[in-house]
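Have a look at the structure below before the remarks.
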Amino acid sequence: MGACAPSSLSSSPTLYKPTISTLFPFSSAIICNTTDRAAVLPLFSIPTQFRRLNFFTRQCKGTSTLCKRNWVEADVYKNDVDDEFIVVNFYRFVFIKDPEDEVSKHLSFLQGRDIHGRIYLNEQGINAQYSGPSKDAVAYVKWLQEDHRFSDILVQVSPTLSGHAFPRLKLRYKPSLLEGGISHLPLLDSSMRATPLTPVQWKNRLEAANKIDNTSNENLNTNYILFDVRNGYEWDIGHFRGAQRPDVDCFRSTSFGLSESEVIASDPLAGVDKEKTDILMYCTGGIRCDVYSAILRQRGFKNLYTLKGGISHYLENEGPVDWVGNLFVFDSRLSLPPCAYEHKVMTEESRTQEVPKNSSFGRCYICGSQISKLRHRNCANLDCNLLFLCCEGCTNNLRGCCCSQCTSATRLRPVLPGPQRYKKWHYYRDLEVQSR
């Protein structure tokens, strides 16, 4: 996942060869021992309109008798949703001997397919966020999963409001899969990364911790830290209850828990017992937590846990339990309400989420009032371009700028209505020339 402002199914159902010709690529055939369809659907990062569930009984692998259960197999069929746009996110740390050659293979496969986004590969693996019509977006995942190195990647899917969420495709070799330089970290060694918790395990940990905090007024539970490994502006529109706002605006600047001497109030990891404190880390899709946990492991932190698949995977499986607000995303949508992960067609109305009254977040950057829409905007002054939250009144008064000084800038763009994003400067410059 991106990290700066713009600027396997373990202990899981057994996998069997499908008996149906075309299966959804996110899992060649996912078999689940349950009769509850509602319990099955959260296992799949599959938009509802793609799902067709077949219930049947099959012989259990390694036994001579039929299982007394209903097994579920998911497949995909072609229909008119092939042209609906979706956003796909995934990453995988795995050794790639010749990443330049791997890039060439991916470019070749995507030739002629309508894919926009960021897909980076290097010796440590792949990090991908892209948009496209469902048939093309799904085809790429299916092709990738034919490679044993990527067969069990956890794929996240979310809807777009309309069309592409990225301006163009960037598919290339990148020395670091994340900003800030991480190629020196032992990311291929899973023991150096935090222990992943499934969404339900994460929910249970939070509920247990909150129960202890609520029932013990004098001796609050201090054996865990809920650590948001994102940026402050991401926290500003949504976060898990109890997580401290990270005082950082770029992942490369993150240094929580790295100071050996001074205790900083803004550092949630400062002064904690590295041997006994559980660090529960979360981020949007999981990659930043994996990376930062490797850094913390090198600094002596023992009990590190991450939310597997990140916030997006959690919202899809558990809903907004212990979550408040929206989810910041690094594409043209900027903000997604939890309902977006119910895999329904997203409209502008469903995209808007009311901010809880008297919330400590979701405040206007200029006047401090509660905003009505949890979505950032960029300052209309191109040379500032600050990403900030703003109420409707300040937006109108300052013509989309973050301060009065920016309103007199030479390269001033118009105020954008709704969820639009600014285009390149020449677009507005040419409009101004034409209007003269």
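The values are calculated or read from the model by the stated rules, or taken from the named source; none is laboratory data. All figures in this text were calculated on a predicted structure; none of them were measured in a lab. Neighbour counts are summed over all protein chains in view; Cβ atoms, including those assigned to glycine, are modelled from backbone coordinates with ideal geometry. When the accessible area is computed, the model is the full protein with side chains, heavy atoms only, and any ligands, DNA or RNA have been set aside. Shrake-Rupley method; radii C 1.70, N 1.55, O 1.52, S 1.80 Å.
The table for this structure:
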| item | result |
| --- | --- |
| Test: residue in the stretch 169-192 that is of a type in the set (V, I, T) and within 25 Å of T254 (Cβ to Cβ) | yes |
| Count - residues of the stretch 272-294 that are aliphatic (A, V, I, L, M) and more than 28 Å from N326 (Cβ to Cβ) | 2 |
| Candidates D267, D273 - the one that is part of a loop (DSSP other than H, G, I, E, B), open to solvent by 40 Å² or more (accessible area, probe 1.4 Å), more than 21 Å from W202 (Cα to Cα) and of a type in the set (D, E) | D273 |
| Residue list for the stretch 387-431, filter: part of a loop (DSSP other than H, G, I, E, B), crowded, with 17+ Cβ neighbours inside 10 Å and either over 31 Å from the mean Cα position of the chain (by Cα) or at negative phi (or both) | L389, C390, C391, L398, C401, C402, R413, P419, Y422 |
| Test for Y130: is it among the aromatic types (F, W, Y) and under 25 Å from S253 (Cβ atoms) | no |
| Selected residue (only one of S183, S162, S104, S151 is out of contact with any Lys or Arg (no Cβ under 7 Å at 6 or more places or on another chain), of a type in the set (G, A, S) and closer than 18 Å to I287 by Cβ) | S183 |
| Test: residue in the stretch 197-205 that is buried (at least 19 other Cβ atoms within 10 Å of the Cβ), touching a helix residue (DSSP H, G or I) at 6+ places or on another chain (Cβ under 8 Å) and either under 23 Å from N127 (Cα atoms) or at pLDDT below 80 (or both) | yes |
| Single residue of S108, S134 found to be out of contact with any Gly (no Cβ under 8 Å at 6 or more places or on another chain), open to solvent by less than 50 Å² (accessible area, probe 1.4 Å) and hydroxyl-bearing (S, T, Y) | S134 |
| Contacts under 8 angstrom Cβ, first residue in the stretch 86-100 being over 29 Å from P159 (Cβ atoms) and open to solvent by less than 30 Å² (accessible area, probe 1.4 Å), partner part of a strand (DSSP E or B) and not basic (K, R), 6 or more apart | I96/L121; I96/N122; I96/G125; I96/I126; P99/L121; P99/N122; P99/Y173 |
| Residues (surrounded by 16 or more Cβ atoms within 10 Å (Cβ to Cβ) and small (G, A, S)) located in the stretch 176-188 | S176 |
| Qualifying residue in the stretch 278-285 (condition: open to solvent by less than 10 Å² (accessible area, probe 1.4 Å), more than 16 Å from the chain's Cα centre (by Cα) and of a type outside the set (K, R)) | yes |
| Count of residues meeting criterion [open to solvent by 10 Å² or more (accessible area, probe 1.4 Å) and touching a Pro at 6+ places or on another chain (Cβ under 6 Å)] in the stretch 316-344 | 5 |
| Residue within the stretch 159-175 that is among the hydroxyl-bearing types (S, T, Y), at pLDDT 95 or above and open to solvent by 10 Å² or more (accessible area, probe 1.4 Å) present | yes |
| Residue in the stretch 244-259 that is within 30 Å of S162 (Cα to Cα) and within 14 Å of the chain's Cα centre (by Cα) present | no |
